[in-house]
Structure formats: structure tokens, C-alpha cells
Amino acid sequence: MLGRGVWSSVRQGLSRGLSRNVGGWASGEGRKVDIAGIYPPVTTPFTATAEVDYGKLEENLHKLGTFPFRGAVGGVCALANVLGAQVCQLERLCLTGQWEDAQKLQHRLIEPNTAVTRRFGIPGLKKTMDWFGYYGGPCRAPLQELSPTDEEELRMDFSSNGWL
């Protein structure tokens, strides 16, 4: 992970525009490189127990959001394991410019997505896979199955948005 000072330097360099020797110019005068159409890769951070560190991922995405890049590609789509057709429908609505319908669908997907990526993590995703007729299977150690209280909260996250 890059330290705060390094991120600051990178951000300043990107905001000024990257310059380098292009084409072997002997004068040393560089040309600015337009990075506006570049989509930076984002690696997935993991915890010491080999689980996805969603807090760190969110932090990294927030930092990248300050860079002058245009757009993004990809996503964290754990929800697609149980609501795959709906996640694909959201993409289709966006690609065809049906923004109002896309926004309505996105708002219905936010709560269950948060539940399986942040609140209940892998145990929650496995439970919802079981509910939707897929094989979620048991959690591997050190993860624990959801408690009955957590399972009921997870069920509410899906049923309050009309998915269960």
C-alpha cells in the first residue's frame, strides 16, 4: 500500500499532466501525456485471513476517485451470484440510456449488495445462494455461519426490496 505522501505526489503529478521524453527528443522537453481515457486497474486487497478487505477496497477506490481519470470498468459483483440477471439488466439499462429505470433498479440492489459484500460478507452470500437455489455451501474456517439474528436481518435486506 502506498503511503499518504506517495499518494499526494502521484495525485499532484497526474493533475499537472505526466510529461516524459517522447520520441528521443534530445532537447529534454517532454510532451504532456493525456491520461483522461485511461482506466486504472484496481487490485483486490485481502485480510490476513485471506478474505477480501472491503474496507480497504473502498478506501482505494475513493483515492482513485480523486485522480483525473474518466470512467471506470468492472465492479465488485458478489450480488451477481444470486441476482445475476438483475445485475446484467442494470448494465443493459445503462447502456441503452434508460437512466430512470436503471436508477430504480440500482436503488433496489444497494441494500442486498451491501449485505453480501460488507455487512454479512461471505457467510451472508453463501446463505443467500442457498435461498435462491444455488449451492452456497458451508463456510470454511475461520468463518462462522450466520447467527439466527443475522440470518433474519439478511432476509429483511432482500425481502424489503422485493427479492425474496
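A few comments on the model shown:
- Test: residue in region 124-143 that is without any contact (Cβ under 8 Å) to a residue 40 or more places away in the chain, open to solvent by 40 Å² or more (accessible area, probe 1.4 Å), touching a Lys or Arg at 6+ places or on another chain (Cβ under 7 Å) and closer than 21 Å to Tyr54 by Cα: no
- Some residue of region 69-88 being modelled with pLDDT of 80 or more and over 17 Å from Thr114 (Cα atoms): yes
- Qualifying residue in region 39-46 (condition: at pLDDT 85 or above and of a type in the set (Val, Ile, Thr)): no
- Options Leu109, Leu146, Leu105: the member that is assigned to a loop (DSSP other than H, G, I, E, B) and either of a type in the set (Phe, Trp, Tyr) or surrounded by 15 or more Cβ atoms within 10 Å (Cβ to Cβ) (or both): Leu146
- For Leu83, the criteria (1) in a helix (DSSP H, G or I); (2) open to solvent by 70 Å² or more (accessible area, probe 1.4 Å) hold in every case but one, which is (2).
The values are calculated or read from the model by the stated rules, or taken from the named source; none is laboratory data. Please read these numbers as outputs of a predicted model, since none were measured by experiment. Glycine also receives a Cβ, built like all others from the backbone with ideal geometry; neighbour counts cover every protein chain displayed. All accessible areas refer to the heavy atoms of the entire protein, side chains included, with ligands and DNA or RNA removed. Shrake-Rupley method; radii C 1.70, N 1.55, O 1.52, S 1.80 Å.
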